[in-house]
Amino acid sequence: MIKLGLIGCGNWGANLLRNFYSLEGSEVKWLADADTEKLEAIKQRYPNIKLTTVFTEILEDKEIQGVIVATPPISHFAVAKQCLLAGKHVFVEKPLALRVEDAQTLVELAEAENLILMVGHLLRYHPAILKLREIIDSGELGDVFYVYSQRLNLGTIRRHENALWNLGCHDISVMLHLLRELPVQVSAMGRSYVQQGVEDTVFVNLNFPNNKMAHIHVSWLDPHKVRKLTVVGSRKMAVLDDMEKENKIVIYDKGFVIPEGNALDGPIHLREGEKTLPAIHRQEPLHVEAQHFVECIRKNKKPRTDGHEGLLVVQILEAAQKSLENNSIPVEINAEKLSLNPEGI
Ligand SMILES: NC(=O)c1ccc[n+]([C@@H]2O[C@H](COP(=O)([O-])OP(=O)(O)OC[C@H]3O[C@@H](n4cnc5c(N)ncnc54)[C@H](O)[C@@H]3O)[C@@H](O)[C@H]2O)c1
């Protein structure tokens, strides 16, 4: 039985608790939240869990092997660092940290102590994302030309981190996974309408090698609830719509054909064939993610979204933030400088 502690039981922590609690082979022994009202509510629903307002109490328990950090991002670094220093495996919610140097410190610490560091890039555990990568890898879409995503809603407005850091980390993680490459350049434009200095709407452009490009639109100030990802390839196009209950992915056999021997100003034909709806496993991504963390502890395995992957995403977020603050100037991403192996994405 792998014993776990959870730090931070707000909106998202409650979902993490529900999922980790339901796993076989692990037990949520401790829960810490600075807010006593939250603890009171937990006590009613989960009477067996030990509760504390001081998270370091969890770290003193020698039985605890893994800790889940679901506090606001501003405290991820400090809390996760203390957990690692106490010899615990750590799952940190996204983003891993709010500064590259902090993310780097966590990665180095986990490596030095031989501990698992996993980041909550939830979409990497989403069956539809896994299916989409399978489709891309099979060559069905041909060469991928470009990818764009929309993550919009009139949604929870954060007080500290902006929409880029709050929402965009999911999309960056997914795009690296789908394209299996690191971008060479990033630029971003965003504006703060609700609170000064906290951008509500951000547009990010990523340039990838071989003429590939990606675009991310994130906003919590939008009339539509949209969770969509479009991949345009040389043979077919695919759309993943996470708001759809049934057919989350549609593959369109659409494209263009330049007839052989066509003169330069001759017509380019458009091709519109069948739509296909690939079957996708029905699994709650958060459950898969929780199971993965426990399995990594049990088998001493490298998580799919390990600290390195989390660091890479923070590096791209930081570059996008730099562009955002400097009139959208393109910021180079020097892949050689990254301490990451892109094969591992
Ligand atoms: N993966 C996802 O899709 C997803 C979705 C939403 C939120 N999140 C992430 O989950 C984390 C939490 O977000 P949220 O919306 O639940 O925030 P929240 O503000 O609702 O909850 C945070 C909780 O942490 C507690 N807390 C803060 N500092 C603490 C400390 N030092 N010790 C103990 N408790 C402390 C607060 O009392 C609060 O209950 C964030 O990192 C966020 O980015 C992830």
Study note, to complete from the structure: Inside segment 175-203, the number of residues satisfying the requirement of being within 24 Å of PRO223 (Cα to Cα) and crowded, with 23+ Cβ neighbours inside 10 Å is 4
Study note, to complete from the structure: Of (1) in contact (Cβ under 8 Å) with a residue 40 or more places away in the chain; (2) open to solvent by 20 Å² or more (accessible area, probe 1.4 Å), GLN82 satisfies every one except (1)
**Study point:** The listed residue being more than 15 Å from the ligand (Cβ to nearest atom) and buried (at least 23 other Cβ atoms within 10 Å of the Cβ), out of VAL147, VAL119, VAL100
**Key:** VAL147
Review point. Residues in segment 123-130: is at least one open to solvent by 20 Å² or more (accessible area, probe 1.4 Å), outside the structural domain of LYS299 (by TED's automatic domain parsing) and more than 12 Å from the ligand (Cβ to nearest atom)?
Key: yes
Point to revise | Residue match in segment 211-234 (condition: of a type in the set (Asp, Glu), under 30 Å from ILE116 (Cβ atoms) and in contact (Cβ under 8 Å) with a residue 40 or more places away in the chain) | key: no
Exercise for review: Give the number of residues within segment 1-11 that are buried (at least 18 other Cβ atoms within 10 Å of the Cβ) and under 9 Å from ALA70 (Cα atoms).
Suggested key: 4
Study note, to complete from the structure: Residue pairs qualifying under the 6 Å Cβ cut-off, at least six apart or on distinct chains, with the first in segment 28-43 being open to solvent by less than 60 Å² (accessible area, probe 1.4 Å) and of a type in the set (Gly, Ala, Ser) and the second being assigned to a loop (DSSP other than H, G, I, E, B) and near the ligand (Cβ under 10 Å from one of its atoms), are ALA32/PHE55
Study note, to complete from the structure: Turns out the strands (runs of 3 or more DSSP E) fully within segment 204-311 with at least 3 residues that are surrounded by fewer than 11 Cβ atoms within 10 Å (Cβ to Cβ) are 269-276
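The values are calculated or read from the model by the stated rules, or taken from the named source; none is laboratory data. Computed from a prediction, not measured in an experiment: that's the story for all the values here. Because the Cβ atoms are built from the backbone with ideal geometry, glycine has one as well, and the counts that use them run over all protein chains shown. Ligands, DNA and RNA are excluded from the accessible area calculation, which covers all protein heavy atoms including side chains. Shrake-Rupley method; radii C 1.70, N 1.55, O 1.52, S 1.80 Å.
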